[in-house]
Amino acid sequence: MKDNYLTLKDKNGKKHDYRILLDIEDTNKKVNYILYTEDKKDKNGSVKCYASTYILSDAGNMTKLKPVKEEEEFDFLERVLNSLEINN
């Protein structure tokens, strides 16, 4: 992570930069979440946003990113986003 950006490789090894929208911990479950975007729009004109869980290494780096799949986790993240106003 550098200057609020995250670089990830796709399945073909190509690097992509994502802007971090939110980095939050669910203190009840002790799970770290990150919401990020490439700032690309879908066919409806909405900006695509991705959500992952991660583990924070001893060096302070995000490791073991995994996509959020559980409805309960999406509900938690949606409640957090609805409580904030995130601007570009």
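The values are calculated or read from the model by the stated rules, or taken from the named source; none is laboratory data. On a predicted model such as this, the values are computed, not experimentally measured, just so you know. When we count neighbours, we look across all protein chains shown, and the Cβ atoms used for this are built from the backbone with ideal geometry, even at glycine.
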Scanning segment 43-53 for residues that are surrounded by fewer than 16 Cβ atoms within 10 Å (Cβ to Cβ) and at pLDDT below 90 gives 46, 47, 48
Picking from 28, 32, which residue would you name as being within 16 Å of residue 75 (Cα to Cα) and either surrounded by 10 or more Cβ atoms within 10 Å (Cβ to Cβ) or at pLDDT 95 or above (or both)?
32
Only one of 81, 77, 22, 6 is assigned to a helix (DSSP H, G or I), touching a residue at least 24 places away in the same chain (Cβ under 8 Å) and touching a Phe, Trp or Tyr at 6+ places or on another chain (Cβ under 9 Å); which?
77
For segment 1-43, enumerate the residues that are of a type in the set (A, V, I, L, M) and touching a helix residue (DSSP H, G or I) at 6+ places or on another chain (Cβ under 9 Å).
21, 22, 24, 31, 35
Residues in segment 29-56 that are among the small types (Gly, Ala, Ser) and under 19 Å from residue 9 (Cα atoms) total 2
Scan 17, 39 and give me the residue that is surrounded by 10 or more Cβ atoms within 10 Å (Cβ to Cβ) and in a loop (DSSP other than H, G, I, E, B).
39
As an exercise: evaluate residue 83 against (1) over 16 Å from the mean Cα position of the chain (by Cα); (2) under 19 Å from residue 3 (Cα atoms); (3) of a type outside the set (A, V, I, L, M) and give the number of the one condition it does not meet.
(2)
Check off (1) in a loop (DSSP other than H, G, I, E, B); (2) modelled with pLDDT under 90 for residue 63 and give me the number that stays unchecked.
(1)
Which residue is surrounded by the fewest Cβ atoms within 10 Å (Cβ to Cβ), if the candidates are limited to segment 54-88 and must be more than 20 Å from residue 17 (Cβ to Cβ) and hydroxyl-bearing (Ser, Thr, Tyr)?
83
